[in-house]
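Comments concern the structure below.
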Amino acid sequence: MPAWFTPDRETWLFRVNPALKFMIFVLLLLITLFTRNLPFVSWLAVLFGILLYGFSGYPIRKLVLLSIPLVISFASSAFTMMLFGKGDAVLWQWGILKISEESIQHGLLLGTKSLTFGLVGFTFLLTVQPVLFFYAMMQQYRLPSKYAYSFIASIRLLPLVVEEIHVRTNALKVRGITFSRGMKGLGERIQAYTVPLFAQSIRRAQRIAIAMEAKQYQMGAARTYYYPTSYSRIDVVFIGVVVVSVAGVMLLAFGMN
């Protein structure tokens, strides 16, 4: 799984300060959320599509597979609004299903927003290292360390949890344990997995707490960082690209009206 999210090459987007990139993307998401202009949102989707497919550094095959949920989200959001939206200029109606000019407009807007959100999310997740992101949030935006290190520990422990699930599965197979079908079997699986995994999690949390205490870790104390992060010229380039791109999108969108 980690190899799946390892790019073939690191593009300039990887060198942007992750905290700054997060703030810029959140701002763009808010702009998308509160915009009701369909051409503007559509051109924003094109912009983020260019960033994802052109500058993420991942092979097109992986990006196409990752895009399947985005297409499903776009289709489900758009068609649901088209079939059940309100409008006066009715084009087709059958029972509770009603398609109008207004519902088509709103459906395309909602679907395009969903697609844009997905493209922004994937662009950020695929071009940032989680550990460096939380270090940058602590250093540049003063995120309390108790929250940042909690997220870092959770990310670090995920592979161990997956490994323990595989170990538990193999242990049950060796013992010849089988489960019933249907909902009863689901309950049996939950019971067989939950207690051992929960007990292992408690033991691991206790060991981590003892290790942090031994290293004199204190909440709120002044700290040094193993990974120092700062702003650089590439951040200025990133801001410039975003500003120029959004300005171009606005000219294209509102010039069409």
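General observations
- Cross-link pairs exceeding 25 Å between alpha carbons, from the set Lys113/Lys146; Lys62/Lys146; Lys21/Lys62: Lys113/Lys146; Lys62/Lys146.
- Separation in nanometres of the label points that stand 7 Å from Cα toward Cβ, at Val167 and Met212: 2.2 nm
- Of the peptides 120-128, 54-62, 190-198, the order by per-residue mean of other Cβ atoms within 10 Å, starting with the highest, comes out as 120-128, 54-62, 190-198.
- Most mobile listed residue (Val64, Val46, Val174) in the chain, GNM with C-alpha springs under 10 Å: Val174
- Among (1) 89, 50, 36; (2) 58, 48, 33; (3) 65, 57, 35, the entry derived from the coordinates for Cα extents along the principal axes in Å: (3)
- Distances between placed amide hydrogens fall under 5 Å for Ser100 paired with Leu91, all partners being 5 or more residues away or on another chain.
The numbers here are math on the coordinates, done by the rules we state, and not lab data. Keep in mind the model is a prediction, meaning the values are calculated, not measured. Note that we place each Cβ from the backbone using ideal geometry, even for glycine, and neighbour counts take in every protein chain shown.
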